[in-house]
Amino acid sequence: MNLTTHIFLEQPRVGRTVLNPLSSDLISLQEEVRQAFGWSLEADDASANAMSILFQGAAPYNQRSWSTTSRDEALSNLEGAICSAKRL
């Protein structure tokens, strides 16, 4: 097993893992976007929480491929492809 595969397998399967911890540049960018569109932090937070709840359903936004089950299956398939690859 190479280092890339090892790192991939060690990552948790739930929660925010791509950008952990968040970059201060991303937080600044989000604040700039909110200001440009006149959105409050509270409205942004409420929208994110509503979207999170929708994505827990069987077909978020009428897309079965976006369900937790489908996303887990896609991740498992990707893991299998990475682990079985001769080269990455």
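Using a/c under 1.5 as the rounded threshold, could you call segment 40-88 rounded, prolate or oblate? The axes a ≥ b ≥ c are square roots of the C-alpha gyration tensor eigenvalues, and prolate needs a/b larger than b/c, oblate otherwise.
Numbers: a/c = 4.93, a/b = 2.14, b/c = 2.30.
Judged from the Cα gyration tensor, segment 40-88 comes out oblate (a/c at least 1.5, b/c at or above a/b).
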Contour minus Cα-Cα span, SER70 to ASN49, at 0.36 nm per residue, comes to 5.5 nm
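Readers should treat all values here as calculations from the given coordinates under stated rules, not as data from a laboratory. Keep in mind the model is a prediction, meaning the values are calculated, not measured.
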